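These notes are about the structure you will find just below.
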Amino acid sequence: MLSILVLFTSGCKKKDTPQDPVEQYVTLLKSNTYEKYTPIPKFTKDQIGALLKHANDTQVIQNFPIPMASSFSPYPEKKVGIIILYTIEGIRLQSLSGPSTRLHVTDSATPQRTVDLAEVFSYYSNWWDKNKDKSAEDLKKISPFEGTTLFW
């Protein structure tokens, strides 16, 4: 937890850094300065809505939270939006290490298919609209990909 605070505050002037943790996270991602292998910040269900506002961002970055236990290396470039959706999935599952060791969505019915950000964003946006008033424990049981063949 201390390393996350240090990451958010080190080397930045107070007036240049957004004070909101979601905005800090998004700023680090979009400026391509997020340190790889740094854990995802400990966000809560209450921050999912704010994160979703940035989840369709198509900016391509090279520096983002890579799962420590990942067997996939090196990671190619990713869109900011997919990293944010991965973060939301970690919140949903209440997992500080992220929802999986893979930072991309696969279709088990057609693994060669590229699942694009717009499709994943649509599932998460609809899921949040239907479930935002539910408890964190309930959200853990309701997958945005329910009824699909998609998975992280």
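The values are calculated or read from the model by the stated rules, or taken from the named source; none is laboratory data. Because the structure is a prediction, the values reported are computed rather than measured. Here Cβ is always computed from backbone atoms with ideal geometry, including for glycine, and neighbour counts include all displayed protein chains.
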- Query: Considering only region 1-26, how many residues are at pLDDT below 85 and assigned to a helix (DSSP H, G or I)?
  - Reply: 11
- Message: If I filter region 27-47 for residues that are of a type in the set (Ser, Thr, Tyr), modelled with pLDDT of 95 or more and touching a strand residue (DSSP E or B) at 6+ places or on another chain (Cβ under 7 Å), do I get at least one hit?
- Response: no
- Picking from Gly81, Gly49, Gly98, Gly90, the residue that is in contact with a Lys or Arg (Cβ under 7 Å, 6 or more places away or on another chain) and within 23 Å of Tyr25 (Cα to Cα) would be Gly49
- So how many residues does region 32-59 have that are touching a residue at least 24 places away in the same chain (Cβ under 8 Å), in a loop (DSSP other than H, G, I, E, B) and surrounded by fewer than 16 Cβ atoms within 10 Å (Cβ to Cβ)? 9
- Item | Count - residues of region 77-92 that are touching a helix residue (DSSP H, G or I) at 6+ places or on another chain (Cβ under 9 Å) and assigned to a helix (DSSP H, G or I) | 11
- Would you be able to tell me the number of residues in region 125-152 that are in a helix (DSSP H, G or I) and buried (at least 16 other Cβ atoms within 10 Å of the Cβ)? 4
- Go through the residues of region 64-74 one by one and say whether even a single one is of a type outside the set (Ser, Thr, Tyr), modelled with pLDDT of 95 or more, touching a Pro at 6+ places or on another chain (Cβ under 7 Å) and surrounded by 16 or more Cβ atoms within 10 Å (Cβ to Cβ). no
